[in-house]
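The structure under discussion appears below in the form of C-alpha cells.
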Amino acid sequence: MKKKSFGVSLIGMLILSIETIQPAAAAEDTSDPERGANLIESRCSDCHTSESLIPAVQAHPETERAEFLDAFLKTHYVPDDLQRADIIQYLTSETAKALDQ
Ligand code: HEC
C-alpha cells in the first residue's frame, strides 16, 4: 500500500512540475505581435521599416533571435519589458514566416 501511494505521489509530482512550467510559458504569451507591429510603426519607422528589420533578425540563428533582440532593444529605444516582448514576438514570427516562403 505504501509503495503504491509513493508511486502515485511521484506521478503527482511529475504532473505538478509539468503544470508549473506551463504557466510560465503562458505568461510569455501575453506578448502580442499586433501591438508589436503598431509599436514598430510608431516608434521605429522613422529609421526602419519592419521589412528592413527582418533581414537583421534573420542574420541571427533562430534559437538566439529573441535573446539578441531582448538585449539589443533594451538599450535601443525599447526599455519597457512588455513593449519589448511585443516587438520581439512580432519580429521573430514575421522572420519565421519570411523564411518559410
Ligand atoms: C533614430 C533612428 C532609429 C530608431 C528610432 C530605431 N533604430 Fe534601430 N537602428 C538604427 C541604426 C542606425 C541601426 C544600425 C546601427 C546599430 O546597430 O545600432 C539600427 C539597428 C537596429 C537593428 C539591428 C541590430 C543588429 O545588430 O543587427 C535592429 C533589430 C533594430 N535597429 C531595431 C529597432 C527597433 C525594433 C526600433 C523601434 C523600437 C528601432 N530599431 C528604432 C536606428 C534607429
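Any read-out appearing in this document is the output of simple, stated calculations on the displayed coordinates, not a laboratory observation. Everything numeric in this text was worked out from a predicted model, so none of it was measured. Ideal geometry is used to build each Cβ from the backbone, glycine not excepted, and the neighbour counts take in all protein chains shown.
A few remarks follow.
- Database remark: amide H of residue 48 closer than 5 angstrom to no amide H (H placed geometrically; neighbours at sequence offset of 5 or more, or on other chains; Pro and chain starts carry no H).
- The phi torsions of the stretch 90-97, fed into the Karplus equation with coefficients 6.51, -1.76 and 1.60 and a -60° offset, translate into couplings of 5, 5, 6, 6, 5, 5, 4, 4 Hz, rounded to whole numbers, with Gly and Pro shown as x.
- Here the peptides 84-95, 33-44 are ranked by packing, the mean other Cβ count within 10 Å, and the order with the highest first is 84-95, 33-44.
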